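Report on the structure given below.
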Amino acid sequence: MTLTDRRPLLFALTSLVLVAVMLMWRGHPGALAIPVVIFGAPLFALYVLHRPILILSMFLLVVVNLDFLRIGGEDGISFDIVLSMVLLYGFLVRVLLKPGESQSPGLEFLMVLFLLVAGASVLVSVFPAQSLKRWGRELEYVVIFAFLMRFALTAVHRKQILLAILLSSIFPAVVAILGYFLGIQAFLGQELYIESLVVGEARARGTLSHPTTLALYLMVVGLVTFALVLRPKYFSRAFLVPLFSLQMLAFYLSYARTGWIAFFIAALVVAWMLGYRKWLVLLVPVALFAAWKILPNFQERLLTATATGQENSLLWRFGLWAYSLDIFPRRPVLGSGVGTFIDYVSYQQGFAAHQTWIRLLLETGVIGCATFLGLTLAMGRKLKKAVNGWDGFQVGVFGAWVGMMVGSLGAGTFGLPSVAVYFWVLVALAINPLGKQEPNSETSDETILDLSPGSQV
């Protein structure tokens with residue numbers, strides 16, 4: 001069946017997208033964008049059919065920087081959500097019109113199963129609108145992952161997408177560093193968020209919603225960069241080392257303890273898997289001692305974990321988790337609805353869970369939490385099997401999985417869109433076996449973002 005024969009399906013999907021947009025923007029100034037969507041969505045979907053790798057690369061290059069641009073103020077729709085909706089629609093059309101065969105049907109099954117459980121939690125949610133918005137994010141990850149697992153990736157495709165992910169870290173890192181050292185109070189029309197610490201220092205979030213979000217995003221991208229520095233592939237160290245240094249400076253200035261600990265443990269795993277075991281024995285104790293004695297405010301930031309009466313202390317979080325588990329029996333099966341933890345629990349002034357599994361338990365119940373745990377463990381096994389000895393990229397993605405799992409014990413790693421979308425793409429790139437380059441397959445897509453110095457495929 002040709003694309004022309006499937007046009008009714010394409011425009012039926014377009015109609016659904018338009019209805020969703022109209023409902024979301026009803027009575028909102030953003031409704032002015034509806035005519036653009038009406039004419040642009042079908043054309044964009046058709047364009048994605050022909051240049052999907054280019055579209056995905058451009059999306060990954062910019063989406064992390066769009067969280068702070070909002071339609072209608074702080075409570076409005078962020079531009080990254082709008083862009084994600086359009087991308088989701090285009091890839092959904094691509095998957096439906098050219099379904100292909102998945103390279104990992106088991107993982108896809110678990111992802112769809114969790115999506116169904118999360119969807120069921122939306123139906124019984126205490127805050128349906130919040131749950132529906134959050135469920136849309138989960139749908140985005142599934143569709144992008146399914147698309148990449150059905151696409152005949154080549155080494156050039158992987159390199160292009162990977163380069164877009166690496167380059168995406170430059171802008172938020174630079175903004176974070178400038179905000180910290182120069183005291184910049186505004187950037188592109190919005191004040192930079194500077195959070196005061198008990199020790200009197202500041203935490204910069206760059207272009208993201210919170211310092212911890214910045215740290216976890218840089219943890220994922222930084223671990224892949226770190227592995228590529230140790231075992232260069234696709235790009236030279238002349239490009240990777242300065243980039244990694246920039247990432248780590250911004251990462252440190254976030255003062256996110258969960259991110260620090262998760263990165264340190266995952267980096268040890270990466271170095272161990274790449275054969276640097278003797279160096280670890282010699283350098284790790286020295287590095288820890290130097291960090292404790294030399295890095296400014298490192299001790300103070302870690303010691304705030306034992307303070308009382310504040311959100312950033314572990315004692316306070318233990319109280320939050322205990323309170324959450326106390327109210328869990330009210331909705332044990334499907335939970336309060338995905339994305340509702342803060343408003344449903346309302347512990348003291350209402351804070352995030354600071355823990356992935358307790359959040360899932362409260363929001364999606366026992367069924368959702370168990371399903372997602374099975375999904376993440378299956379993902380780890382799949383990544384471990386995909387690792388090809390000395391392949392720095394695949395080892396780096398496995399390290400990112402380790403970091404996400406460690407970080408999930410003290411933060412909502414998998415629930416942060418700016419972190420999760422990059423993580424899912426990296427996982428798909430790592431486990432999808434590369435095919436040979438076909439003579440006439442998207443040649444224009446394959447060179448647009450090939451900007452790295454001394455790179456090789």
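The values are calculated or read from the model by the stated rules, or taken from the named source; none is laboratory data. From a predicted model like this one, the values you see are computed outputs, not experimental measurements. Because the Cβ atoms are built from the backbone with ideal geometry, glycine has one as well, and the counts that use them run over all protein chains shown.
Matching residues to (1) modelled with pLDDT of 95 or more; (2) surrounded by fewer than 23 Cβ atoms within 10 Å (Cβ to Cβ); (3) under 20 Å from the mean Cα position of the chain (by Cα):
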site: G337; (1), (2), (3): no, no, no
site: S346; (1), (2), (3): no, yes, no
site: L362; (1), (2), (3): no, no, no
site: G368; (1), (2), (3): no, no, yes
site: G380; (1), (2), (3): no, yes, yes
Hey, does the range 213-232 have a residue that's in a loop (DSSP other than H, G, I, E, B) and either assigned by TED's automatic domain parsing to the domain that holds F423 or touching a residue at least 12 places away in the same chain (Cβ under 8 Å) (or both)? yes
Looking at the range 339-359, I want the residues that are more than 25 Å from L375 (Cα to Cα) and in the same structural domain as V406 (by TED's automatic domain parsing) and have a partner that is assigned to a helix (DSSP H, G or I) and modelled with pLDDT under 75 with Cβ atoms under 9 Å, at least 6 apart or on another chain. Which pairs are those? Q348/W316; F351/W316
Within the bounds of the range 402-414, is there any residue that is in contact with an Asp or Glu (Cβ under 9 Å, 6 or more places away or on another chain), over 21 Å from V143 (Cβ atoms), buried (at least 17 other Cβ atoms within 10 Å of the Cβ) and not β-branched (V, I, T)? no
Could you please let me know if L208 is at pLDDT 90 or above and in the same structural domain as L409 (by TED's automatic domain parsing)? no
Residue among V142, V126, V112 that alone is aliphatic (A, V, I, L, M), in contact (Cβ under 8 Å) with a residue 24 or more places away in the chain and over 19 Å from V425 (Cβ atoms): V126
Quick check on this structure: which one of G389, G410 is under 17 Å from M219 (Cα atoms) and at pLDDT below 90? G410
Qualifying residue in the range 244-264 (condition: more than 20 Å from the chain's Cα centre (by Cα), crowded, with 20+ Cβ neighbours inside 10 Å and under 29 Å from T154 (Cβ atoms)): no
Any residue that is surrounded by 15 or more Cβ atoms within 10 Å (Cβ to Cβ), part of a loop (DSSP other than H, G, I, E, B) and either among the hydroxyl-bearing types (S, T, Y) or modelled with pLDDT of 80 or more (or both) - is there at least one of those in the range 288-306? no
